[in-house]
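Below is one structure; the comments refer to it alone.
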Amino acid sequence: MKLGIIGASQAGKATVFSALTGARGDTDNKGTKKDNRIASVKVMDERIDFLSDMYKPKKTTYASVEYLLPSDTGSGSDNAIWNQARVCDALIHVVRNFPDFSGAKPSSENEYRKLEEEMVLNDLVVVEKRLERIDADLKRGKKPDEEEHRLVLACKGVLEKGMALRKSPEIASSPLLRGFTFLTAKPELVIINNEDDDETLPEWAAKNPDIVIQAMRGRLEMEIAAMSEEDAEMFRAEYSIKESALDRVIRESYRILNLISFFTTGEDEVKAWTIKRNTIALEAAGEIHSDIQKGFIRAEVLAYDDLIKYGTVKDAKAAGRVRLEGKEYVVADGDIINYRFNV
Ligand SMILES: Nc1nc2c(ncn2[C@@H]2O[C@H](COP(=O)(O)OP(=O)(O)OP(=O)(O)O)[C@@H](O)[C@H]2O)c(=O)[nH]1
Ligand SMILES: [Mg+2]
């Protein structure tokens, strides 16, 4: 899962990137200021901790999330940023809510709307190019794909109203439109980047239930992310920060992307797998290995909560909580799955 960090100039994008990736990010490209930066972050999960304690495997693998900070250099600089954002699964829109270097007060609502409009316009350009193409094809006697044509026109209608495509789930989730990589069809988390002593949302943001939004004290969180875990803990207590910004953002990212985790266990490895909600057992098997999918026989499933309740796999089994499920079984968050398959 890749999340792209976008925002107006000086909104604190780099600061938020560091806040999210400083503590447990593995940055493979430290680069210069000009490069885009990407870092992969471990998704902490106490269920994995528990399973790892239980199985004492050679290897424990948490899920991970990737954050991308697009670079603002290159020739057509704005386009370069949007093109990088287009390859992300979701966007994090950082909005400045602290005075800028001249001391001028932030105008967070305006800045937020301006960038949202820019993304709408960007998508509209894509739509119009596609429609021109369809027109040109028609003139040459080539029939367009009716369903695609209808959907592209529907996109146009939504965008011309100044609305993001994600407001129309039918459109945003249509496989036929996936190739267009529309910016406004991506799930988005808005981060209001506050001063160190402010943990509240501005009024306009708090009143807007249509936006997925969080307040973050970006600079403070960045400083904490650079500390040792001991110091960070003390600091968090002092500022009454119950949960790090990173953990809040990850939780929300899973929610807006509709993702869940299932687990595989064994002496070799305990591992978390990330899948879309409503994925069936057969598809989930493919995440692990195509052989397991091809040779699928049954999925042996134990809910994590049942393991906790009964204490051991053996006791859970005795209580009939280890189920044998078929291909069509819809995997649930927290399922511990042992696939039986033929190779
Ligand atoms: N008070 C305060 N200042 C912040 C916060 N976040 C960022 N800043 C400051 O705002 C300035 C811009 O921060 P950056 O993280 O570089 O912002 P950016 O969006 O990457 O900026 P550009 O790449 O130039 O568009 C820096 O001087 C930061 O120290 C914050 O949460 N609170
Ligand atoms: Mg920057």
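The values are calculated or read from the model by the stated rules, or taken from the named source; none is laboratory data. What you see is a predicted model, and the numbers here were worked out from it, not measured in a lab. For neighbour counting, all protein chains shown are included, and Cβ atoms are generated from backbone atoms with ideal geometry for every residue, glycine included.
The set of residues in region 308-321 that are among the hydrophobic types (A, V, I, L, M, F, W, C) and out of contact with any helix residue (DSSP H, G or I) (no Cβ under 6 Å at 6 or more places or on another chain) comprises Ile308, Val313, Ala318.
Looking at region 242-275, which of its residues are in a helix (DSSP H, G or I), touching a strand residue (DSSP E or B) at 6+ places or on another chain (Cβ under 8 Å) and not hydroxyl-bearing (Ser, Thr, Tyr)? Hits for region 242-275 are Ala245, Leu246, Arg248, Val249, Ile250, Glu252, Ile256. The single residue among Asp196, Asp231 that is farther than 22 Å from Asp89 by Cα and either in contact with a Lys or Arg (Cβ under 9 Å, 6 or more places away or on another chain) or β-branched (Val, Ile, Thr) (or both) turns out to be Asp196. Only one entry of Asp145, Asp137, Asp100, Asp123 meets the criterion of being closer than 24 Å to Ile6 by Cα and modelled with pLDDT under 95, and that entry is Asp100. Looking across region 195-226, just one residue is charged (D, E, K, R), loosely packed, with under 14 Cβ neighbours inside 10 Å and in a helix (DSSP H, G or I), and that is Glu203.
Selection of first residues in region 282-293 that are more than 14 Å from Phe263 (Cα to Cα) and of second residues that are crowded, with 18+ Cβ neighbours inside 10 Å and among the aromatic types (Phe, Trp, Tyr), restricted to Cβ pairs under 8 Å at least 6 apart or on distinct chains, gives the following pairs, ordered by first then second residue: Leu282/Phe296; Ile292/Tyr339.
Here the condition is being of a type in the set (D, E, K, R) and closer than 22 Å to Ala164 by Cα; of Asp247, Asp197, Asp210, Asp231, it holds for Asp210 alone. Residues in region 227-241 that are among the aliphatic types (A, V, I, L, M) and in a helix (DSSP H, G or I) were compared, and the one that is surrounded by the fewest Cβ atoms within 10 Å (Cβ to Cβ) is Ala237.
Screening Val41, Val126 for residues that are among the hydrophobic types (A, V, I, L, M, F, W, C) and in contact with a strand residue (DSSP E or B) (Cβ under 9 Å, 6 or more places away or on another chain) leaves exactly one candidate, Val41.
Listed here are the residues, each with its yes/no results for (1) surrounded by 16 or more Cβ atoms within 10 Å (Cβ to Cβ); (2) at negative phi; (3) among the aromatic types (Phe, Trp, Tyr); (4) at pLDDT 90 or above.
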position: Gly22; (1), (2), (3), (4): yes, yes, no, no
position: Thr27; (1), (2), (3), (4): yes, yes, no, no
position: Met54; (1), (2), (3), (4): no, yes, no, yes
position: Pro57; (1), (2), (3), (4): yes, yes, no, yes
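Taking each residue of region 243-269 that is without any contact (Cβ under 8 Å) to a residue 12 or more places away in the chain and looking for partners that are in a helix (DSSP H, G or I) and surrounded by fewer than 20 Cβ atoms within 10 Å (Cβ to Cβ) with beta-carbon atoms closer than 9 Å, six or more apart or interchain, yields Glu243/Arg236; Glu243/Arg251. Checking each residue in region 116-127 for being over 12 Å from Phe180 (Cβ atoms) and either of a type in the set (Asp, Glu) or surrounded by 17 or more Cβ atoms within 10 Å (Cβ to Cβ) (or both) picks out Glu116, Glu117, Glu118, Met119, Val120. Ile134 passes every criterion in (1) touching a His at 6+ places or on another chain (Cβ under 9 Å); (2) of a type outside the set (Ser, Thr, Tyr); (3) within 16 Å of ligand 1 (Cβ to nearest atom) apart from (3). Considering only residues in region 308-343 that are of a type in the set (A, V, I, L, M) and free of Cβ contacts under 8 Å to residues at least 40 places away in the same chain, the one that is nearest to Met54 (Cα to Cα) turns out to be Val313. Of the strands (runs of 3 or more DSSP E) lying entirely inside region 41-135, those carrying at least 3 residues that are in contact (Cβ under 8 Å) with a residue 40 or more places away in the chain and within 16 Å of ligand 2 (Cβ to nearest atom) are 63-69, 90-97.
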